[in-house]
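Encoded as structure tokens, the structure appears first; notes follow it.
The values are calculated or read from the model by the stated rules, or taken from the named source; none is laboratory data. As the structure is a computational prediction, the values presented were derived from the model and not from experiment. Quick reminder, even Gly has a Cβ in these numbers, built from the backbone with ideal geometry, and neighbours come from all protein chains shown.
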Amino acid sequence: MQLLSLIAASATLSIVASSPVKVNPGYVAVPIQVDRGATLGQSKETISMSVSRKEQLFLADLEIGSNGEHVTVAVDTGSEYLWVMDSNVECDVTNGDDCKEFGTFSSSDSKSFVKDEDRGEFQVSYLSGKKANGVWGNDDVSIAGSAPVHGFEFGVAQQASSKIGILGLNFPSDGSQGYSLPQKLHEQGIIPRNAYSVFLNSKQAGSGSIMFGAVDHGKYDGDLVTVPVQYDEEFPRVNVSARIDVNYQSNSVDSGKEVGYILDTGSTRSRLPGSYLDTLKQALGGSYDDQWKGISFDSCSKLDALIFYVNFYGKTITVPAKSLDYGTQGDRCLLQLNFNQDNDVFILGMDMLRSIYFLVDLDDREVQLAQARYGDDSKIEVFQSSGSQRLASSKKDVKVIATAAAVEEKTSAGAVIVNPIKAMIMGLLLACFI
């Protein structure tokens with residue numbers, strides 16, 4: 001989800017239900033479950049059962065303050081800090097929605113809360129028109145079930161036109177402020193590295209996970225490729241270079257050009273260069289529906305022959321068109337995608353990220369990614385500690401992880417436990433051969 005100063009888009013939000021957090025030595029795993037329920041902020045009208053203006057987010061449960069108050073927030077790789085609703089927040093939301101629905105935090109009742117007088121007023125605005133303002137402060141924060149992060153900096157909204165607060169996982173513009181959750185988890189020894197991995201899973205599955213401090217080798221095919229982040233000091237974002245090749249009926253109809261894309265779990269739909277709009281209209285024999293933000297054409301069966309190939313530094317990710325958001329509009333089909341004619345900010349949103357398993361290393365400013373693998377396979381591996389120059393790995397381009405098969409053991413309950421002795425020995429052995 002991009003802030004007002006970054007991109008121009010108008011969107012509403014829909015809700016994603018969260019699940020209990022799995023806590024293990026060295027990492028925190030947060031299951032996510034998709035809920036295509038009511039919209040936030042705009043009309044609930046839809047033109048079919050599967051086409052709407054709704055956007056989907058995934059949620060995490062937090063416990064904040066000395067009283068462990070429960071607050072649910074949307075997890076967003078396109079934002080950089082956490083903000084929550086104050087218990088006395090003034091709600092200014094449409095459709096009668098209640099901005100207290102997902103929990104609030106009473107800063108006055110928490111004995112450990114410290115208001116940050118030096119930072120001034122907390123303010124945030126989004127392109128949808130939603131905004132919040134209040135105060136900055138720090139307190140103990142934990143992702144439900146994990147060890148608390150002490151002295152974590154976040155915003156407390158006293159007025160809000162959004163229905164839910166945000167947990168941002170983007171690069172912090174000022175790491176010294178203490179508002180980056182992965183950074184604080186690392187600094188306090190809860191995870192070994194300032195990094196996390198994201199698996200959104202298929203549209204049909206409706207569930208996925210985000211892991212702080214670990215990777216799941218069972219959730220991707222082939223090798224992970226390391227891609228440098230196009231880092232901007234003024235607006236730090238998880239922005240990587242990629243080229244998208246559009247293929248229709250086994251023929252390339254637009255090979256595209258390499259541009260920077262923001263990996264943004266807070267955007268339901270991707271935002272592609274404007275040139276792709278003409279390509280897709282011609283290939284599908286359709287027109288653009290500005291009201292519903294998509295390409296309208298005669299039959300959804302045409303999507304079977306449409307594939308997007310996303311190329312990152314030689315790694316190609318296959319994104320079938322039917323894995324994106326589409327549905328019927330009367331006797332027409334609508335493929336919902338956003339396009340940017342200004343050629344400045346482009347986004348790979350949740351629709352395309354479902355096909356991509358990716359890791360974000362906030363310290364080294366790198367992303368690792370591969371083709372997502374759907375299913376129940378799971379081989380969880382804790383990240384190597386920060387400062388490792390070369391890490392033992394059977395994956396030829398993996399930088400932040402060790403060989404999963406060599407260092408994991410399964411308990412009788414099926415939980416994965418990393419054996420540090422095996423990891424160290426295997427690392428020394430492999431180092432002799434690579």
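Note on region 58-87: among residues that are part of a strand (DSSP E or B) and small (Gly, Ala, Ser), the one that is modelled with the highest pLDDT is Ser87.
Residues checked against (1) more than 11 Å from Cys333 (Cα to Cα); (2) out of contact with any helix residue (DSSP H, G or I) (no Cβ under 6 Å at 6 or more places or on another chain):
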| position | (1), (2) |
| --- | --- |
| Ile262 | yes, yes |
| Ser270 | yes, no |
| Leu280 | yes, yes |
| Ala283 | yes, yes |
| Gln291 | yes, yes |
| Gly294 | no, yes |
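For region 258-285, a residue qualifies if it is over 16 Å from Ala321 (Cβ atoms), assigned to a helix (DSSP H, G or I) and among the small types (Gly, Ala, Ser), and exactly one does: Ser275. What number goes with the only condition from (1) within 22 Å of the chain's Cα centre (by Cα); (2) surrounded by fewer than 20 Cβ atoms within 10 Å (Cβ to Cβ); (3) farther than 22 Å from Gly145 by Cβ that Val114 does not pass? Unmet condition: (1). Name every residue in region 115-153 that is part of a loop (DSSP other than H, G, I, E, B) and charged (D, E, K, R), in order of residue number. If the condition is that a residue be part of a loop (DSSP other than H, G, I, E, B) and charged (D, E, K, R), then Asp116, Lys130 are the ones that fit. If you go through region 258-289 and pick out every residue that is out of contact with any Phe, Trp or Tyr (no Cβ under 6 Å at 6 or more places or on another chain) and at positive phi, you end up with 0.
Could you tell me which of the residues Lys163, Lys203 is charged (D, E, K, R), assigned to a loop (DSSP other than H, G, I, E, B) and assigned by TED's automatic domain parsing to the domain that holds Glu90? Only one candidate passes the filter, namely Lys163.
Looking at region 334-345 only, could you name the residues that are part of a strand (DSSP E or B) and crowded, with 23+ Cβ neighbours inside 10 Å? Scanning region 334-345 gives Leu334, Leu335. Counting residues in region 88-103 that are assigned to a strand (DSSP E or B), at pLDDT 95 or above and either closer than 29 Å to Asn239 by Cα or in contact with a Phe, Trp or Tyr (Cβ under 9 Å, 6 or more places away or on another chain) (or both) gives zero. Aliphatic (A, V, I, L, M) and not assigned by TED's automatic domain parsing to the domain that holds Val345: is that true of Leu263 in this structure? No; evaluated as a whole, the condition is false for this residue.
Count of region 219-257 residues, restricted to those that are of a type in the set (S, T, N, Q), in a loop (DSSP other than H, G, I, E, B) and either at positive phi or surrounded by 18 or more Cβ atoms within 10 Å (Cβ to Cβ) (or both), is 2.
In this structure, is Phe308 in a loop (DSSP other than H, G, I, E, B), aromatic (Phe, Trp, Tyr) and under 29 Å from Ile166 (Cβ atoms)? So Phe308 fails the test. Condition (residue is under 23 Å from Gln371 (Cβ atoms) and modelled with pLDDT under 95) applied to region 283-304: is it met by at least one residue? Scanning region 283-304, I find no residue that is under 23 Å from Gln371 (Cβ atoms) and modelled with pLDDT under 95, so the answer is no. Taken over region 286-305, the criterion of being of a type in the set (Ser, Thr, Tyr) and part of a strand (DSSP E or B) is satisfied by Ser287, Tyr288, Ser296.
For the condition modelled with pLDDT of 95 or more and within 17 Å of the chain's Cα centre (by Cα), Leu369 qualifies.
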